[in-house]
1. Would you mind estimating how fast segment 5-96 diffuses translationally, via Stokes-Einstein at 10 °C and 1.306 mPa s with the Kirkwood radius over Cα pairs, in µm²/s?
2. Could you name the lysines whose alpha carbon sits less than 27 Å from that of Lys14, not counting residues in the same chain fewer than 8 places away?
3. Could you order peptides 45-55, 17-27 by the average number of other Cβ atoms within 10 Å of their residues, highest first?
4. Most fluctuating residue of Val66, Val74, Val85 in a GNM of the chain with Cα springs under 10 Å: which is it?
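Read-outs throughout are calculated quantities, based only on the coordinates presented, and are distinct from any laboratory measurement. Bear in mind the structure is a predicted one, so any value in this text is a computation, not a measurement. Here the Cβ positions follow ideal geometry from the backbone for every residue, glycine too, while neighbour counts run over all protein chains shown.
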Amino acid sequence: MNDPLESQRGGTEKRPRQVFELDETGFNEVPPRYRRFYRRWKGTADSLAPNEVKCPVCKVVIRSRVELRAGDRVYCMPCMSRLEVIEENGELVAKVLY
Ligand SMILES: [Zn+2]
């Protein structure tokens, strides 16, 4: 796995996706090489970047190298959930697929 983003179904890709540099987050619930793809949610003072979405199951923040869009599918390694990114009240949220 090179990125939690498994398929880029979102958007019509008219606008190129923003690319992000991911650095180590200290998230130690996954093997070291996957750590930069996840981080802990820090509570109400925290906010999500355009390449981040919160897992509704384990509340971990999933981070992709590219901007996420509604329709994308992402994988949450800490709880092994497959999620679909949807838009809700103008925000991107993840919904469990199975
Ligand atoms: Zn999860």
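1. Details: Rh = 13.3 Å.
Answer, rounded: 120 µm²/s.
2. Within the straight-line limit of under 27 Å, Lys14 reaches these lysines: Lys54, Lys95.
3. Working: 45-55: 15.8, 17-27: 12.5.
Output ranking for 45-55, 17-27: 45-55, 17-27.
4. For the chain, modelled as a Gaussian network with Cα springs under 10 Å, the answer is Val66.
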